[in-house]
Amino acid sequence: MTGEPEAVAGPGALAAPGAPEADFIVLDRVEKVFEVRRKTGFLKRERREVRAVDALSFSVARGEMVGYIGPNGAGKSTTIKMLTGILTPSGGRLRVAGTDPARERRRLAHRIGVVFGQRTTLWWDLPLIDSYRLAHRMYRVPDARYRENLERCVELLELGDLLDVPVRQLSLGQRMRGDIAAALLHDPEVLYLDEPTIGLDVISKAKVRGFLKELNAERGTTVLLTTHDLQDIEQLCSRVMVIDHGRLVYDGALTGLHEAAEGERTLVVDLERELPPVEVPGGRVVRVEGPRQWLAFPAGRSAAPLVAHIAERYPLVDLSVREPDIEEVIARMYAGRGVS
Amino acid sequence: MAAGGHGERSAPGEHAGGGERAGSGEWAGGGERAGSGEWAGTGRIAAGLRTYGLIAAMWTRSTMAYRASFALSTLTSFAATFFDFVAIMLMFSRVRALGGYALPEVAFLYGLSAVSFGLADLAIGSMERLGRRVRDGTLDTLLVRPAPVLAQVAADRFSPRRIGRVLQGALVLGWALARLDVVWTAPKLLLMPVTVLSGFGIFCSVFVAGAAFQFVTQDASEVQNAFTYGGTTLLQYPPTVFGKELVRGVTFLLPLAFVNWLPACYVLGRPYPLDLPGWTAFASPLVAVACCALSGLAWRAGLHSYRSTGS
């Protein structure tokens with residue numbers, strides 16, 4: 001473990017109380033070990049240690065928007081729970097805005113916003129506006145600031161008609177928008193989103209993404225989001241971290257992830273009639289079904305030259321591009337590297 | 001007659017929260033780590049009371065939006081608990097005394113127990129829902145707010161209609177006081193509010209301890225009901241009708257005897273159960289404080305274990 005920065009920093013550190021801008025969120029060899037007890041027979045129990053998070057180190061600068069991805073059970077939610085102070089790490093050092101989340105949970109709560117995609121922070125049986133009024137008082141948001149933030153959220157997330165509706169009657173997309181607004185009324189410096197677009201329709205997804213983009217650009221809110229949807233990352237995050245088996249296996253740009261994984265995208269073309277497999281430089285036909293053909297091409301490249309080439313030489317009716325999903329990308333990453 | 005109490009709890013409108021999706025419930029077990037993290041003290045208590053007030057006020061406002069419904073459900077709560085006492089009155093149409101206690105004396109015990117318990121149930125009765133929150137993971141949403149979790153859990157679904165039980169208990173107590181053949185001295189008069197407040201504290205700590213236990217076993221709300229609803233029903237009868245072992249248990253293990261039995265024995269001039277010394281009638285406030293402290297510790301331990309295991 002490295003030394004406490006408070007201890008090693010010189011007098012210059014006084015200028016920046018709390019966290020340095022570059023290390024707004026810092027994890028240094030953070031671990032979370034759970035003990036699982038399983039019944040193996042009558043009165044017999046097997047104890048097993050599960051390392052949900054294993055020697056995880058990374059840092060996030062203030063104002064960054066980072067995608068945090070990985071397969072189910074990789075340790076994403078456990079990381080978020082440690083960052084918000086819900087869970088206490090078993091080892092290592094963790095700081096958010098200069099504070100230890102587990103020790104100073106309530107103090108940190110004023111500075112962070114959290115949206116859990118699968119469980120709402122709103123008061124289930126009460127009208128949406130009640131949750132906001134309570135947050136106003138509970139977080140001690142100044143009246144003018146509260147009104148301003150609420151108006152802004154209501155406008156951008158289109159919540160106007162929903163304020164008097166009990167939360168349980170909202171659709172998933174409406175509820176998610178309501179949850180995001182609730183997490184932002186107290187001007188958090190960092191926003192954690194755990195699967196914010198899960199189960200949403202295309203329009204709701206677009207609304208949520210647009211809002212987050214604007215929030216990050218205008219207010220400089222640091223955003224860390226976990227997701228299963230690569231499009232979330234593509235449209236929002238300049239940086240992506242991949243976690244698997246509790247370890248960080250990739251940290252960098254999304255395009256780099258595709259390269260690291262040697263990932264391929266798929267171009268689906270509908271031709272006028274059944275034809276032999278098309279011949280295009282940079283792509284290869286992997287499947288033919290009547291007039292429809294599937295072409296694989298490297299995920300890091302643009303589809304435009306392929307499309308132009310095909311449109312010029314073949315009777316093209318329609319086309320679409322399919323992204324590889326995250327599980328696939330990560331599976332390839334392992335296959336390519338030859339690790340377990 | 002405890003069934004009356006259960007019926008009252010599951011009145012319509014209470015069970016609408018089922019839509020919150022269950023969490024993944026990833027791990028069980030006992031990861032351990034030293035260092036409790038948060039500070040105890042007056043600041044914490046003030047923060048807790050403020051949080052409690054905010055949430056309870058929100059639920060009260062929401063209930064009062066439908067006044068007729070509130071009036072009706074309060075009346076139902078009142079009536080349901082009133083049948084408890086009707087059963088006792090019916091019993092006295094056959095017998096002249098129960099364990100040596102006449103009807104006004106039993107009513108006195110009943111009133112003290114019902115008012116104390118009713119107040120505790122009104123204040124933090126919703127805590128029995130904690131197990132569900134632990135199971136479906138919605139407890140996490142309370143942990144990301146800048147407020148003590150205990151206060152949030154205690155005030156969740158605060159339901160003013162539970163005042164019905166308090167009113168009913170107060171009515172019986174008032175009737176008993178009018179009918180009792182007691183010479184009211186200053187200590188006896190003083191003992192009345194002290195007893196009710198202490199009983200409130202003791203029942204509250206039973207609710208908190210029960211909730212703390214639900215961190216360990218999430219389906220323990222029935223066990224908790226046995227101690228809360230079961231306890232108050234037990235206290236409605238004189239200690240003389242119960243076996244010595246049971247009386248010992250509710251004196252030394254789960255000190256419910258201090259809610260009403262011991263102070264009532266002093267007021268009524270009756271022999272103390274288990275030949276306890278006379279000062280025990282005045283020990284209720286101390287017992288209540290001790291119970292609250294212990295259940296507070298149990299709560300802290302429960303929450304701490306949740307935060308290290310996440311289950």
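Only the coordinates and a few stated rules stand behind these numbers; no lab work does. From a predicted model like this one, the values you see are computed outputs, not experimental measurements. Cβ placement follows ideal geometry from the backbone for every residue including glycine, while neighbour counts extend to all protein chains displayed.
I'd like to compare B:58-69, B:146-157, B:115-126: which one has the highest average count of other Cβ atoms within 10 Å, and what's the full order after that? Working shown, then result.
Values: B:58-69: 13.6, B:146-157: 21.9, B:115-126: 25.0.
Taking the mean over residues of other Cβ atoms within 10 Å, the ranking is B:115-126, B:146-157, B:58-69.
Which whole DSSP H helices in chain A pass both tests: a Cα extent of 15 Å or more along the axis and a mean Kyte-Doolittle value no lower than -1.0?
Length and hydropathy pass: A:128-138, A:172-184, A:202-219, A:326-337.
Cβ neighbours within 10 Å, averaged per peptide: list A:138-146, A:194-202 in order, most packed at the top. Could you put the intermediate results ahead of the total?
On the way: A:138-146: 14.2, A:194-202: 18.8.
The peptides rank, most packed first, as A:194-202, A:138-146.
Counting only other chains, and only Cβ atoms inside 10 Å, what mean value do you get across the residues of A:80-91?
The per-residue average across the peptide is 5.
Taking every pair of alpha-carbon atoms in segment B:162-311, give the share separated by more than 20 Å as a whole percent.
Above the 20 Å cut-off, segment B:162-311 has 53 percent of its Cα pairs.
Count neighbours as other Cβ atoms within 10 Å of each site's Cβ, and list the GluC sites (Glu not before Pro) in segment A:162-250 that are DSSP loop with at most 12 such neighbours.
Values: sites: A:189, A:214, A:218, A:234; in loops: A:189.
Passing both the DSSP loop test and the Cβ count: no residue.
Within straight cross-link reach of residue A:213, meaning Cα distance under 17 Å, which lysines are found once same-chain residues fewer than 8 apart are removed?
A:205
Can you divide the C-alpha Rg of the protein assembly as shown by 2.2 N^0.38 Å and report the result to two decimal places? Each step should come with its number before you reach the end.
Values: Rg = 30.9 Å, N = 651, 2.2 N^0.38 = 25.8 Å.
In units of the 2.2 N^0.38 Å rule of thumb, it is 1.20.
Can you tell me which of B:141, B:81, B:233 moves the most in a GNM of chain B? Springs connect C-alpha atoms under 10 Å apart.
Maximum among the listed residues: B:141.
At a Cα cut-off below 18 Å, give the lysines reachable from residue A:44, other chains included and same-chain residues fewer than 8 away excluded.
By straight Cα distance, residue A:44 reaches no lysines at all.
For segment A:84-142, what does the alpha-carbon gyration tensor say about shape, rounded, prolate or oblate, given a ≥ b ≥ c as the root eigenvalues, a/c under 1.5 as rounded, and a/b over b/c as prolate?
Oblate, since a/c reaches 1.5 and b/c is not below a/b.
What number, in percent, do you get for the relative contact order of segment B:39-305 if the mean sequence gap of Cα pairs under 8 Å and at least 6 apart is divided by its residue count? Spell out each step's value before the answer.
Numbers: 351 pairs, mean separation 70.2, N = 267.
Answer for segment B:39-305 is 26 percent.
For n ≥ 4 DSSP H runs only, could you compute -39500 (n - 2.57) per run for the protein assembly as shown, divide by its residues and tell me the 222 nm figure to the nearest 500?
-15000 deg cm²/dmol
Using the basic label-point model (7 angstrom from Cα toward the beta carbon), what is the residue A:287 to residue A:320 distance in nanometres?
1.2 nm
Give me the net charge of residue B:218's neighbourhood, meaning all other residues with Cβ under 10 Å from the Cβ of residue B:218; Lys, Arg count +1, Asp, Glu -1.
+1
What relative contact order, as a whole-number percentage, does chain A give when Cα pairs under 8 Å and 6 or more residues apart are counted?
Averaging sequence separation for qualifying contacts and normalising by length gives 17 percent for chain A.
Could you tell me how many degrees, from 0 to 90 and to the nearest 10, lie between the Cα long axis of helix B:103-124 and the main elongation axis, the longest principal axis, of the Cα atoms of chain B?
10 degrees
From the P(r) of segment B:62-131, could you give the percentage of C-alpha pairs in the tail past 17 Å?
Pairs farther apart than 17 Å: 59 percent.
How big is segment B:39-305 on each of its three principal axes, counting only the C-alpha atoms and giving the largest first in Å?
Here the spans come out as 57, 44, 35 Å, largest first.
Given 4 °C and 1.567 mPa s, compute D for segment A:218-325 with the Stokes-Einstein relation, Rh being the Kirkwood radius over Cα pairs; round to the nearest whole µm²/s.
Values: Rh = 15.8 Å.
Answer from the Stokes-Einstein relation: 82 µm²/s.
To the nearest 10 degrees, how steep is helix B:67-92 against the longest Cα principal axis of chain B, on a 0 to 90 scale?
Around 40 degrees separate the two axes.
In degrees, nearest 10, range 0 to 90: what is the angle between the Cα axis of helix B:186-216 and the longest Cα principal axis of chain B?
30 degrees
What average count of beta carbons from other chains do you get within 10 Å of the Cβ of residues in B:133-145? All intermediate terms of the calculation are to be shown ahead of the outcome.
On the way: counts 1, 0, 0, 2, 5, 5, 2, 11, 10, 2, 9, 18, 10.
Per-residue shielding by partner chains comes out at 6.
If only Cα atoms are counted, what is the Rg of segment B:197-279, and what is its Dmax, in Å?
13.8, 44
Return the single residue from B:276, B:139, B:171 with maximal mean-square fluctuation; model: Gaussian network over chain B, springs between Cα atoms under 10 Å.
Answer for the Gaussian network model of chain B: B:276.
Any lysines with Cα under 21 Å of the residue A:32 Cα? List them, leaving off those in the same chain fewer than 8 positions away.
Here the lysines satisfying the reach criterion relative to residue A:32 are A:76, A:81.
Among A:267-274, B:43-50, A:100-107, how do they line up from the highest to the lowest mean number of other beta-carbon atoms within 10 Å?
Packing proxy ranking, top to bottom: A:100-107, A:267-274, B:43-50.
For chain A, with a Gaussian network of springs between Cα atoms less than 10 Å apart, report the residue from A:94, A:159, A:306 with the top mean-square fluctuation.
In the Gaussian network model the winner is A:306.
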